[in-house]
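Below is one structure; the comments refer to it alone.
The values are calculated or read from the model by the stated rules, or taken from the named source; none is laboratory data. Nothing here was measured: the structure is a model prediction, and the numbers come from that model. Glycine gets a Cβ as well: all are built from the backbone with ideal geometry, and neighbour counts include every protein chain shown. These accessible areas exclude ligands, DNA and RNA; they are computed on the full protein's heavy atoms, side chains included. Shrake-Rupley method; radii C 1.70, N 1.55, O 1.52, S 1.80 Å.
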Amino acid sequence: QVQLVESGGGLVQAGGSLRLSCAASGNTFSINRMGWYRQAPGKSREFVASISNGGSSNYADSVKGRFTISRDNGKTTVYLQMNSLKPEDTAVYYCYVLTPNAPFIYWGQGTQVTVSS
């Protein structure tokens, strides 16, 4: 089992920045990838960014150049630095981790990010 605790959400004006954190505990040795999804009101959950144990990352086109994902040296905490925020970035942001064994994916509880225009 892996437990995820997120922090760092909040209210920010357009053009501002926020940094999200997600700390993993439990069987963290089984984690091979960490990342973020988000879900805006009335919309499906969508991929934002992810990072592997080796440090390779990928991003949704909508956040490239504005968001940066990183992990700590212990590889149990993942961060999402969000710059140049736009109102359309408003959503609940969910941390997730991938493991090679069932259930294969774990989710955090979500943290609200609201960007005002």
Revision key, fill the gap. Restricted to segment 47-85 and to residues being in a loop (DSSP other than H, G, I, E, B) and charged (D, E, K, R), the residue surrounded by the fewest Cβ atoms within 10 Å (Cβ to Cβ) is Asp61
**Study point:** Residue list for segment 18-46, restricted to those being open to solvent by 60 Å² or more (accessible area, probe 1.4 Å) and either assigned to a loop (DSSP other than H, G, I, E, B) or of a type in the set (A, V, I, L, M, F, W, C) (or both)
**Key:** Asn27, Phe29, Asn32, Pro41, Gly42, Lys43, Ser44, Arg45
Review point. From the residues in segment 86-117 that are open to solvent by less than 60 Å² (accessible area, probe 1.4 Å), over 14 Å from Gln13 (Cβ atoms) and among the polar types (S, T, N, Q), which one is modelled with the lowest pLDDT?
Key: Thr99
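Inspect segment 17-33 for any residue being in contact with a helix residue (DSSP H, G or I) (Cβ under 8 Å, 6 or more places away or on another chain) and either modelled with pLDDT of 95 or more or hydrophobic (A, V, I, L, M, F, W, C) (or both) and give the result as yes or no.
Among the residues of segment 17-33, not one is in contact with a helix residue (DSSP H, G or I) (Cβ under 8 Å, 6 or more places away or on another chain) and either modelled with pLDDT of 95 or more or hydrophobic (A, V, I, L, M, F, W, C) (or both), which makes the answer no.
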